[in-house]
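Please read the structure below before turning to the comments.
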Amino acid sequence: MLTKQMPIGSGFGAASTTDEVIEGINLSGKTAIVTGGYSGLGLETVRSFCSAGATVIIPARDYDKAADAVKGLHKVEIERMDLLDSASIDSFAEKFLDSGRPLNILVNSAGIMALPQLTLDKRGYEYHFATNHLGHFQLTLRLLPALRKANGARVVSVSARAHQLSGVFFDDLDFEHREYRPMLGYAQSKTANILFATGLDAREKANGVRAFSLHPGSIASTDLGRNFTPEQLKAFGVIDGHGQPIIDPKNDRKNIKQGAATQVWCATSPQLEGMGGLYCQDVDVAPLAQPDEKMNLSDISSTRLAGVMPYAVDIDAANRLWEMSEHLVFGR
């Protein structure tokens, strides 16, 4: 499982854009679903898929906002869905399955980050974990019949380098017995995204469904960092003294087209044919991270490592998360 986690020499890099990676890709006749598809990286992903001829469906909590965001794009459909509302996920999935269409691409791009206070959903689950992982887990499993029907589908989970701050605390998912910190809640959910891709690929590759996860980069021009103050964003090195985003791809500071490039590549590139269960960054398969004992990985402002933590692609942890998620979501 771990030995294949190494770059393949894609020919792309940190500064590559969605326009570059989608060039020459024909998605005519293909259907994609993109959560979070009406803002930030998700919206850029939708634009890229549409430019290649795909029909794209956007599940949206705010229907009017989504409709306004995608004006001018062709072959885009919007359906109501809330990742924190189990019934709405089931309703969305059932409507899609009833259409009889195969699902070629599912990009789980929606997410929340760094809620300042510990917040639980109506089921009692921590908000980051519930939104970023459990909602997408339920959606993906409900859509599995359509993904299998495509005979070559891809599921892409947008994670983050922040997964290096925390593994999944299986015995304390909801911070009942440990101190809550905003980035630890986010980090745990981002590790869960990677483990989910690992587990999904292992289970479904025989059915033609391959899964990938990725780090898009640090993109200050999206709404994801709205819970940080300008002072914090400056300290992280993502905005300058005038409050403008810093664009420096070699140091992981990207614009939206550069940030969305990796997820578009994971979803469409023929270079990944026959592969899966991989974590990617900078439009290539990422290496395994090499933690330094001197690094303070509990501090978001500390130096980040290149690659994916071994605990995030561990098949035993992926299986444990899968079983726990099935219980939390479906009660089984």
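Note on region 155-196: residues that are touching a Cys at 6+ places or on another chain (Cβ under 7 Å) and not hydrophobic (A, V, I, L, M, F, W, C) amount to 0.
Mind checking which residues of region 139-184 are aromatic (Phe, Trp, Tyr) and either assigned to a strand (DSSP E or B) or free of Cβ contacts under 8 Å to residues at least 60 places away in the same chain (or both)? Lay out the reasoning, then the answer.
Just the residues of region 139-184 that are aromatic (Phe, Trp, Tyr), to begin with: 169-170, 175, 180.
Hits for region 139-184 are 169, 175.
Cβ contacts < 8 Å: first residue touching a residue at least 40 places away in the same chain (Cβ under 8 Å) and over 13 Å from residue 114 (Cβ atoms), restricted to region 124-138; second residue of a type in the set (Gly, Ala, Ser) and surrounded by fewer than 24 Cβ atoms within 10 Å (Cβ to Cβ), any location; separation 6+ or different chain. Result? Filtered contacts from region 124-138: 133/325; 134/325; 137/325; 138/86.
Of the residues 29, 72, 53, the single one that is outside any helix (DSSP H, G or I) and in contact with a strand residue (DSSP E or B) (Cβ under 9 Å, 6 or more places away or on another chain) is 29.
For region 10-29, the criterion of being among the small types (Gly, Ala, Ser), within 13 Å of residue 269 (Cα to Cα), surrounded by fewer than 19 Cβ atoms within 10 Å (Cβ to Cβ) and touching a residue at least 40 places away in the same chain (Cβ under 8 Å) is met by at least one residue. When region 32-46 is limited to residues that are under 12 Å from the mean Cα position of the chain (by Cα) and in a helix (DSSP H, G or I), the one that is farthest from residue 104 (Cα to Cα) turns out to be 41. Residues of region 141-167 that are at pLDDT 95 or above, of a type in the set (S, T, N, Q) and surrounded by 24 or more Cβ atoms within 10 Å (Cβ to Cβ): 157, 159. Regarding residue 82, is this residue within 17 Å of the chain's Cα centre (by Cα) and charged (D, E, K, R)? When the stated conditions are applied, residue 82 passes them.
Figure legend. Inter-residue proximity from region 65-86: first residues closer than 16 Å to residue 49 by Cα, second residues part of a loop (DSSP other than H, G, I, E, B) and of a type in the set (A, V, I, L, M), beta-carbon distance below 9 Å, spacing 6+ or different chains. Indicated pairs: 75/54; 76/70; 78/70.
The values are calculated or read from the model by the stated rules, or taken from the named source; none is laboratory data. Predicted model, so just to flag it, every value in this text is computed and none were measured. Cβ sites come from the backbone with ideal geometry, for glycine too, and all protein chains shown count toward neighbours.
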